[in-house]
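Student: Mind having a look at this structure? Questions to follow.
Readers should treat all values here as calculations from the given coordinates under stated rules, not as data from a laboratory. Just so it is clear, the structure is predicted and the values come from calculations on it, not from any experiment. Note that each Cβ is placed from the backbone with ideal geometry, even for glycine, and that neighbours are counted across all protein chains shown.
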Amino acid sequence: MIVAIDGPAGSGKSTVARAIAERCGLTYLDTGAMYRCVTLACLRRGIADDDVDGVAGVARGVRIEFGVSGEGQTVLLDGGDVTRDIRTPEVDRAVSAVSAIPAVRDVMVELQRRVGKAGDVVAEGRDIGTVVFPHADVKVFLTADAEARAHRRAVQREGGDVARDARASADVAEEQAILAEIRRRDELDSTRREAPLRPADDAHHIDSSAMGVDEVVARVIELMERV
Ligand code: DC
């Protein structure tokens, strides 16, 4: 079975996809982490995000793997653990430009389809239901208003988790900066020419602004049971 979960930054895709993977025994595929790895490799090598050929060369040359640790899934770039390094504000700033490059997407989509061929997968990203797995068994487009998404990210960055503590708060200035960054990324990701963020025609829309993780997970499992 293939479950596709698409949506904008901070909509809760990762939390939901991870929970589904765990409960239903599917492989969790975090495609955003893959674009982040390419971005980090470019930053480390001093390749600018507008150097299309340079970035494409990096995408073709890097080795991206997923592992597990006591804290959950880890991300490996050329054998080194980059689980934390791919979530910095520097990577946040450059990842939209990197992921808009068609040659980069070709390489990543190919890798993602290989994972899909190997077994049951719950994949999250922006183009899973539209491009990567257009024949996915279940397609979900998960949204939440920008303020709710910024709040979740801000709490997360301070080590908290709104899924566990609904009243968790974060630094106001930090949250405002994240909100501006989220709005910028939404705009870039949904207006780019190549595989823009948009729901597949047959996707189920879920707005998680006022929903708990368990509620969203239950809805998705319900959809899986109907297949
Ligand atoms: O889900 P995320 O925030 O980790 O994704 C990081 C960036 O990668 C996001 O700004 C857009 C891009 N991305 C993409 O273009 N296609 C995907 N399938 C997943 C992510």
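Student: Run the dipole for the chain about the Cα centre, Lys and Arg Cβ at +1, Asp and Glu Cβ at -1, nothing else charged, and hand back the magnitude in debye, nearest 20.
Tutor: Values: 31 positive and 40 negative charges, 69 e Å.
So the dipole magnitude of the chain works out to roughly 340 debye.
Student: Still on this structure, please answer the following. For segment 1-104, what ratio Rg/Rh do Cα atoms give with a Kirkwood hydrodynamic radius? Each step should come with its number before you reach the end.
Tutor: On the way: Rg = 14.1 Å, Rh = 14.5 Å.
Rg/Rh for segment 1-104 comes to 0.98.
Student: Calculated from DSSP H runs of 4 or more alone, at -39500 (n - 2.57) each and per residue, what is the 222 nm mean residue ellipticity of the chain, nearest 500? Display every interim value, and only then the final one.
Tutor: Numbers: 8 runs with 110 residues, N = 227.
Calculated at 222 nm, the ellipticity per residue is -15500 deg cm²/dmol.
Student: Based on the Kirkwood radius over alpha-carbon pairs, what is the Stokes-Einstein translational diffusion coefficient of segment 116-227 at 37 °C with 0.692 mPa s viscosity, in µm²/s?
Tutor: Roughly 210 µm²/s, to the nearest whole number.
Student: Need the full-extension length gain, VAL62 to THR191, defined as separation in residues times 0.36 nm minus the C-alpha distance. One decimal, nm.
Tutor: Values: separation 129, 0.36 × 129 = 46.44 nm, distance 2.71 nm.
Extra length from VAL62 to THR191 when fully extended: 43.7 nm.
Student: Cα-based Rg (one decimal) and Dmax (whole number) for the chain, in Å?
Tutor: Gyration radius and largest Cα-Cα distance of the chain: 16.6, 49 Å.
Student: Using the Cβ atoms and a cut-off under 10 Å, what net charge is assigned to the surroundings of SER169, where Lys and Arg are +1 and Asp and Glu are -1? The partial results should precede the final answer.
Tutor: Numbers: positive: ARG167; negative: GLU158, ASP165, ASP171, GLU175.
Cβ neighbours under 10 Å give a net charge of -3.
Student: Then there is this: Taking the Cα-to-Cβ direction at SER209 and at THR88 and moving 7 Å from each Cα, how far apart do the two end points lie in nm?
Tutor: Reported label-point gap for SER209 and THR88 is 3.5 nm.
Student: Positive end of the charge dipole of segment 92-205 (Lys, Arg +1 and Asp, Glu -1 on Cβ, about the Cα centre): tell me which of ALA203, VAL132, ALA177 has its Cα farthest that way.
Tutor: In segment 92-205, that residue is VAL132.
Student: Here's a follow-up. So for each of 202-211, 32-41, 86-95 I average, over its residues, the number of other beta carbons within 10 Å; can you give me the resulting order with the highest mean first? Walk me through the numbers before you get to the answer.
Tutor: Numbers: 202-211: 15.8, 32-41: 24.4, 86-95: 17.4.
Ranking the peptides 202-211, 32-41, 86-95 by packing returns 32-41, 86-95, 202-211.
Student: When the Cα centres of segment 37-95 and segment 149-227 are compared, how far apart do they sit, in Å?
Tutor: Segment 37-95 and segment 149-227 have Cα centres spaced 22 Å from each other.
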